[in-house]
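Every read-out reported here was derived from the displayed coordinates using simple, explicitly stated rules and does not represent laboratory data. Owing to the predicted nature of the structure, the values given are computational and were not obtained by experimental measurement. Cβ placement follows ideal geometry from the backbone for every residue including glycine, while neighbour counts extend to all protein chains displayed.
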Amino acid sequence: MNFLRTGLMTVALAGLCISLAGAQQLQTNITRMGLKGDAAAVWAVIDREWGRSGCCGREDLRAGSRYLDLLTDDALVWYWGAPNPLSKPSLKMFDQAVDDNRPFENKRIAYELYPQGLVIHGNLAIAHYTCAVRVIDKDNKVEASQCRSTDVLVRDRPGAEWKLITWVTGPLK
């Protein structure tokens, strides 16, 4: 019993360290790049979307599909591996299917985003970045992958909250 408790505490501590490292990585990238104002706000929205599962010390936005609040109502996104772009209602439908089968879903345990470029024109922002992702699969094995992504964000007016209108993500080879 003590062995099990020690093992669980070790796993919990490792998860906390990974979470803190992920949060620090994004902040370090923003700080190193000298991002402030709109640029920092854009990256913060992207990070919230990546951490939507509660991974890495982020707020769990999956319950009630709350992460969809980060998207515009007319968003059309193309997930890595998806056969076609998905609308906000499609994302919500698939979320419900995943919620019904959660024990079989891969669980993201860590990610790092590496900003490659950001262009902001008024109320439009385009962010290019690469990422490293670690998940635990249904067989309890850690899988590692790398990807590249382009996210497009918009806002209604200067000073308003940035929202994702589209993204496309694919494997980094």
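Numbers below:
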| item | result |
| --- | --- |
| Qualifying lysines (Cα of each under 25 Å from Cα of Lys36; at least 8 residues distant if same chain) | Lys163 |
| Label point distance in nm, Asp60-His128, each placed 7 Å from Cα along Cα→Cβ | 3.7 |
| Largest-first ellipsoid semi-axes for region 43-173, taking √(5λ) over the Cα gyration tensor eigenvalues, angstrom | 24, 18, 14 |
| Spin-label model distance (nm) - Ala44 vs Lys88, 7 Å beyond Cα toward Cβ | 2.1 |
| Long-range amide H partners of Leu172 with built H, under 5 Å | Gln146, Cys147, Arg148 |
| All lysines inside 26 Å of Lys141 as judged from Cα atoms, apart from same-chain residues fewer than 8 positions distant | Lys107, Lys173 |
| By average C-beta atoms within 10 angstrom, highest first, the peptides 137-144, 160-167 | 160-167, 137-144 |
| Computed FRET value (nearest 0.05) for Lys107 with Arg157, which takes r as the C-beta separation and R₀ as 35 Å | 0.40 |
